[in-house]
Amino acid sequence: MNITDKRDFADYQNRLTVLLGLNRAPVGIRLLKTDEDLRDSAALMPEGGLPYCAAVSKAGKGGRCKLGPRNMYCKAGANALNIVKPDEDRVSGKVYEKFKVYRDGDICKNIGAGMVYLEESNAGVEIMPLADFESTPDIVIIVANPKTVMRIVQGYAYHFGHLKNIRMSGMCAICNECTSYPYTTGDMNVSMLCAGTRCVGGWGDDELAAGIPFEKCRLILDGIEQTANPMENAQSKLQITERAKIKKTTIPPLDINYTYYKGGYGPIA
């Protein structure tokens, strides 16, 4: 799939929504390298400011936002995206000692060493529903229920095999686990979210997240389409078919009488 213009991004979002039954839009993240990029972005600069993960939450419901150093109201997010260069206390993990969330200084150091901060500095970040993009985003973040994230992983596995590089600690979830880490590794990551983003982002208790480099999204969507027939049950297939009709979206044929595991359970000897 060669995505080259706004209509293609909208189609991409539409097909993900049909196949996965998303309640939130897939959110595109585009790093803005220069002050001119930040100024020229068509997204809105919020009055006052927002934490990065709160902006991602708003984009999942249709919001369009850009954040720079003056209005990104979370130091962890600004550090992860290198909009504000992280200081030694954060890189070393010392910042976590005062939070009292880890056993001792050695674990804090371990957590600090495992966080990924973008090497190149950025002037800001553009955060919008995927369908609203006119130029290619760097990362796509999907927040959904566990079954939906399972389907995304199955779509990944169709083309790439096991998801081997998962990194999570339940800390700095949207900024680090879903943005800076997948951006740096070039690979998808899954996050259980964190207490901070569950507070300011308003995520449901039954939601988790996937952060995906955009270039991998192309094949993951294809993998989700290719695995819908063997993986989805009859009820899910009927729901997918109904959503496809409503949105006038073409999907691969679905056989409600087939799953890969049909007849696979019972006595084995």
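The values are calculated or read from the model by the stated rules, or taken from the named source; none is laboratory data. What you see is a predicted model; the values in this text were computed from it and never measured. Positions of Cβ are generated from backbone atoms using ideal geometry, with glycine treated the same way; all protein chains shown enter the neighbour counts.
A few points about this structure:
- Selected residue (criterion: nearest to the chain's Cα centre (by Cα)) from residues of the range 125-148 that are among the β-branched types (Val, Ile, Thr) and not in a strand (DSSP E or B): Thr148
- Members of the range 238-259 that are touching a helix residue (DSSP H, G or I) at 6+ places or on another chain (Cβ under 8 Å) and either part of a loop (DSSP other than H, G, I, E, B) or within 24 Å of Phe160 (Cα to Cα) (or both): Thr249, Thr250, Ile251, Pro252, Pro253, Leu254, Asp255, Ile256, Asn257, Tyr258, Thr259
- Subset tally (residues that are assigned to a loop (DSSP other than H, G, I, E, B) and out of contact with any Leu (no Cβ under 8 Å at 6 or more places or on another chain)) for the range 188-200: 1
- Residue pairs meeting the criteria (Cβ under 9 Å; at least 6 apart or on separate chains; first without any contact (Cβ under 8 Å) to a residue 24 or more places away in the chain and farther than 14 Å from Tyr258 by Cβ, in the range 218-237; second surrounded by 18 or more Cβ atoms within 10 Å (Cβ to Cβ) and not hydrophobic (A, V, I, L, M, F, W, C)): none
- Breaking point among (1) over 21 Å from Thr259 (Cβ atoms); (2) surrounded by fewer than 20 Cβ atoms within 10 Å (Cβ to Cβ); (3) under 17 Å from the mean Cα position of the chain (by Cα), for Ile174: (2)
- Filter pass, Tyr183 being buried (at least 22 other Cβ atoms within 10 Å of the Cβ), on the phi < 0 side of the Ramachandran plot and in a helix (DSSP H, G or I): no
- Neighbours by Cβ (under 9 Å, 6+ apart or cross-chain): first from the range 1-21, on the phi > 0 side of the Ramachandran plot; second among the basic types (Lys, Arg) and at pLDDT 95 or above: Gly21/Arg243
- Taking the criterion of being more than 17 Å from Thr179 (Cβ to Cβ) and either of a type outside the set (Lys, Arg) or touching a helix residue (DSSP H, G or I) at 6+ places or on another chain (Cβ under 8 Å) (or both), the residues of the range 145-156 that qualify are Asn145, Pro146, Thr148, Met150, Arg151, Val153, Gln154, Gly155, Tyr156.
- Residue match in the range 89-111 (condition: polar (S, T, N, Q), in a loop (DSSP other than H, G, I, E, B) and under 26 Å from Pro213 (Cβ atoms)): no
- For the range 160-171, the count of residues that are surrounded by fewer than 23 Cβ atoms within 10 Å (Cβ to Cβ), touching a residue at least 40 places away in the same chain (Cβ under 8 Å) and closer than 30 Å to Ile256 by Cβ is at least one.
- Test result for Ala210, within 26 Å of Gly63 (Cβ to Cβ), touching a helix residue (DSSP H, G or I) at 6+ places or on another chain (Cβ under 6 Å) and modelled with pLDDT of 95 or more: yes
- When restricted to residues that are more than 11 Å from Ala210 (Cβ to Cβ) and assigned to a helix (DSSP H, G or I), the range 149-172 contains 5.
This table checks each residue for (1) closer than 24 Å to Tyr117 by Cα; (2) at pLDDT below 95; (3) in a strand (DSSP E or B).
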| site | (1), (2), (3) |
| --- | --- |
| Arg7 | no, yes, no |
| Asn14 | no, no, no |
| Asn23 | no, no, no |
| Cys53 | yes, no, no |
| Lys58 | yes, no, no |
